[in-house]
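Inspection log for the structure reproduced underneath, given as structure tokens.
The values are calculated or read from the model by the stated rules, or taken from the named source; none is laboratory data. What you see is a predicted model; the values in this text were computed from it and never measured. Positions of Cβ are generated from backbone atoms using ideal geometry, with glycine treated the same way; all protein chains shown enter the neighbour counts. These area figures cover heavy atoms from the full protein model, side chains too; ligands, DNA and RNA do not enter into them. Shrake-Rupley method; radii C 1.70, N 1.55, O 1.52, S 1.80 Å.
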Amino acid sequence: MILAIISLILFFGTYIYELPTHHCPFCMLQKEYHYIGYALYFFLFLGTFFGFIIGIKDLILKIESETKKYYKYSIISLTIYLIIVSAYPIVYYFKNGVFL
């Protein structure tokens, strides 16, 4: 999760802002950027949360029931995050013909 947040701020944030020098993690939450930060942080934290639940249940509590459900929620949330965050560099490249 820490690496995902760092990559979101340092790499993908530049494509969201369309500025190579802008790295503010909170500006994504503003109206100018269509509040996309809320969706990105929500799906990243949700997927990580369900991943932590799987780890806690398996390692500490030794409970294996319902871990498939949490695994599925984690994968779905992180896949949605990946699709949203990957769309910005792809769209930027098709609009401008160059990466930042």
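Just the residues that are among the charged types (D, E, K, R) and on the phi > 0 side of the Ramachandran plot, please, taken from region 1-52. Residue satisfying the conditions is Glu18 alone. For the subset of region 20-45 comprising residues that are hydrophobic (A, V, I, L, M, F, W, C) and free of Cβ contacts under 8 Å to residues at least 40 places away in the same chain, which member is surrounded by the fewest Cβ atoms within 10 Å (Cβ to Cβ)? Going through the qualifying residues, I end up with Phe26.
The set of residues in region 52-100 that are farther than 16 Å from Leu40 by Cβ, open to solvent by less than 60 Å² (accessible area, probe 1.4 Å) and not hydroxyl-bearing (Ser, Thr, Tyr) comprises Ile53, Ile54, Gly55, Lys57, Gly97.
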